[in-house]
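Read through the structure below, which is laid out as structure tokens, and then see the notes.
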Amino acid sequence: MNLFTETNLSPDILKAVGELGYESPTEIQKQTIPFILSDIRDLIALAQTGTGKTAAFSLPILDMIDETSRKIQFLVLCPTRELCLQISKDIKNYSKYMKDIKTTAVYGGSSIMDQIRSLKDKPQIIVGTPGRVIDLINRKALDFSAIHWLVLDEADEMLSMGFKDELETILSETPDTKQTFLFSATMNKEVERISKNYLTNPHRISVGSINEVKKNIKHEYYVVGYRQKKEALKRLIDANPNQYSILFCRTRMETQEVADFLMQNGYAADALHGDLSQAQRDTVMKKFRLKNIDILVATDVAARGLDVDSLTHVIHYSLPDDPEVFVHRSGRTGRAGKDGISMSLIKPEESRKLKQIKSSTKIDIVEKTIPTGDDVIKAQVGGVFEKLFTEHAEDIFEFNDSLIPDLSAFTKEELVHKLLQFQLKDLAMYYKDKHDLVEQKLSSRDDDYSRRDKGRDRDRDRDRGRDRGDREPRAASRDSRDRGGKPRRKDENMVRFFFNLGKKDQLKKLDVLEIINKATAGKSKKRAEIGDIEILEKFSFFEVEKSFSENVMSNIPSMKFKGKEMRAEVAN
Ligand code: AMP
């Protein structure tokens with residue numbers, strides 16, 4: 001089966017899938033679709049997120065679902081709210097032309113009353129997280145008596161998050177006649193136990209080992225001393241322009257420290273870790289998905305719920321202890337047929353840990369040297385051309401030749417030269433007098449991630465825990481520090497906004513003033529007071545008098561700056 005048209009799926013489904021640009025089924029789809037369409041046995045499928053597993057189970061089920069019945073026939077359980085939203089969105093896309101099919105997502109951290117109201121629409125498909133599904137069962141808002149198909153998605157993750165009891169309760173609420181499909185990235189004792197107890201004579205499918213799936217990832221490592229780590233990171237980022245990446249750290253404190261360092265240096269980065277509230281995490285993930293930030297600094301746990309396909313790089317700022325975590329982190333790039341790069345920063349004393357990762361994963365991780373200033377500039381020039389030929393500015397605005405002055409005194413080469421010099425001048429200035437980083441070698445002491453380091457990481461997190469009680473929320477603390485580290489006094493009468501444009505959009509303070517004035521101009525003669533304006537590389541912050549906040553938020557999205565959409569949100 002090389003084409004979707006060979007799958008026997010209904011024309012409505014094929015049309016929707018075609019519109020999404022899917023041409024041929026992925027490996028897991030090739031194996032799962034014919035099985036689900038023709039077999040009544042349960043199924044265990046070993047597959048990771050990114051392999052196309054959502055379509056693998058939902059397309060054949062949509063093909064068989066009874067559109068005339070208004071009972072719940074298909075239930076998907078998954079570990080996180082993020083995944084829940086992603087799967088329900090995918091299913092809604094696949095069933096776009098099945099007008100009687102309704103899908104509802106139910107997950108924690110959101111109003112249960114709203115979800116109960118949407119269940120009154122009588123959806124045939126529910127995608128939910130175990131905790132919220134139990135709450136809704138207890139409130140008698142869910143009736144699972146007519147379920148035909150049950151999918152346990154990321155079963156290993158659900159069990160490791162402690163949802164064992166919830167899963168067992170939900171499973172016991174569903175009819176014995178249903179067909180159960182268990183999807184898991186790994187097979188461990190707990191998953192085996194659940195499948196033994198709740199699946200009958202399951203058929204098994206596996207889409208190859210994790211490493212086979214990810215042959216399109218290049219793995220590199222860089223040896224750097226502790227003191228040079230941040231500078232080395234800056235160089236790696238500068239030498240890999242146009243990247244869209246997740247940078248993994250070991251602890252929450254390290255995550256925030258690295259994110260702060262990057263933001264202070266003008267990168268569009270932000271932190272995602274467990275010290276943030278759910279609302280703050282949602283905001284960061286949204287910004288990352290919309291590419292308002294292009295480097296997400298995260299802990300392993302916090303990044304678990306984030307599912308993004310087009311990552312160009314994964315950066316291991318600190319190596320994990322477990323080789324499987326290394327594979328899992330790296331596998332977030334190189335998805336959907338694209339190539340990916342995984343870069344690890346390694347301290348000289350971490351040679352044993354590196355060896356262990358290499359030998360147990362069989363991944364070829366190649367040593368590289370930290371880029372010099374010249375390497376960075378060369379890569380940046382390449383980056384400008386890459387952008388030039390992949391981003392089609394001509395679709396956004398027409399450039400009128402009459403706007404260009406007479407340039408006949410210059411050759412084409414001179415003009416290209418000048419434009420590049422102009423574009424890269426800040427970076428060139430930065431690297432002009434910078435020495436190359438001292439080359440480091442892996443230590444023969446094989447001192448692994450020493451007890452001393454472990455102790456230090458633990459102490460830092462403990463200190464942070466102690467501080468947490470009287471700490472301000474993260475965004476507020478970021479706002480209250482100046483870029484130079486000076487504390488900024490908070491003016492109760494002003495509201496600080498995040499603004500999605502920055503230096504790269506040729507935004508100047510005067511432009512921001514003009515934008516705010518336009519957005520806040522009303523019938524009354526009173527002018528909005530404007531406070532601090534801070535323009536960073538890819539985004540900015542500004543302060544406006546509190547009573548004008550509504551005008552800023554509602555008017556700015558309907559305005560444009562040099563053809564670009566604008567967005568302002570309260571910065572906490
Ligand atoms: P999943 O593993 O379900 O999270 O899917 C990973 C990504 O691959 C999603 O963005 C899907 O939209 C996409 N995808 C799934 N199946 C196909 C396909 N046959 N062809 C192209 N993209 C696909």
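The numbers here are math on the coordinates, done by the rules we state, and not lab data. Remember, predicted model here, so these are calculated numbers, not experimental data. Ideal geometry is used to build each Cβ from the backbone, glycine not excepted, and the neighbour counts take in all protein chains shown.
Below is a table of values for the structure above.
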read-out: Where chymotrypsin sites (Phe, Trp or Tyr not before Pro) in DSSP loops with at most 13 other Cβ within 10 Å are excluded, longest remaining stretch of the chain; value: 1-396
read-out: Whole-number percent relative contact order across the chain, with pairs defined as alpha carbons under 8 Å at least 6 apart; value: 12
read-out: Residue exposure sequence - C249, C78 - by fewest surrounding Cβ within 10 Å; value: C249, C78
read-out: Hz values of 3J(HN,Hα) by residue in region 69-76 - Karplus curve (6.51, -1.76, 1.60), Gly and Pro given as x; value: 8, 10, 9, 6, 10, 9, 10, 10
read-out: Order of K230, K425 - criterion: other Cβ atoms within 10 Å of each residue's Cβ, fewest first; value: K425, K230
read-out: Whole-Hz ³J(HN,Hα) from phi, Karplus 6.51 cos²θ - 1.76 cosθ + 1.60, for region 10-24, glycine and proline x; value: 5, x, 4, 6, 4, 5, 5, 5, x, 5, 7, x, 6, 9, 10
read-out: For region 270-331 and region 534-572, distance of Cα centres in Å; value: 26
read-out: Fully extended contour minus Cα-Cα distance, from D374 to Q423, at 0.36 nm per residue; value: 16.1 nm
read-out: Contour excess over end-to-end distance, with Cα ends at V384 and R193 and 0.36 nm allotted per residue; value: 63.4 nm
read-out: Neighbour-count ranking [beta-carbon atoms within 10 angstrom, fewest first] of V325, V127, V133; value: V325, V133, V127
